[in-house]
């Protein structure tokens, strides 16, 4: 009578084990890629917020009376700027309808390392072109949008 050797693995067990291993490695790799993209986005958002805060401080230092002239479309420096930390464009929206209160909004759109544009300004020119206004509010929108109010003192 032949004796069976139970010390090894059967072929079916190895195939099942390799299948489980393949699914596990694929899932871990997808998780790594996804977290890498999220990390990139978080870094870009942090840089964009920093740029927007710096621009708001620059605008506030111009003085209440000068802001509508300097930071309007056609003014100098104007209502658009190029961020130094990102490949993108920043846009300044001013609401000076109240003579005692200015609403200053700074929006930054950028292109990430995967060539995806984050924000509505798809061509990064600082102008809301046809087809870019996804929510139809008449302004360029982005995940980085800072709004502040500045009052006459």
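Ordering of 10-17, 34-41 by packing is 34-41, 10-17, highest average first (other Cβ atoms within 10 Å, averaged per residue).
For the peptides 45-51, 23-29, residues were scored by their other Cβ atoms within 10 Å and the scores averaged per peptide; the highest-first order is 45-51, 23-29.
Measuring nothing but how far apart in sequence close Cα pairs (under 8 Å, 6+ apart) lie, relative to its length, segment 11-151 scores a relative contact order of 20 percent. How far is helix 11-61 tilted, in degrees, relative to the longest principal axis of the Cα atoms in the chain, given as a value from 0 to 90 rounded to the nearest 10? The two axes meet at around 10 degrees.
Pick the calculated Rg/Rh (Cα atoms, Kirkwood Rh) for this structure from [x] 1.40; [y] 0.96; [z] 1.11? Answer label, from the structure shown: [x].
Just so you know, all these numbers are worked out from the coordinates, no wet-lab data involved. Bear in mind that the values here come from a model prediction, so they are computed numbers and not experimental data. Neighbour counts run over all protein chains shown; Cβ positions are idealised from the backbone, glycine included.
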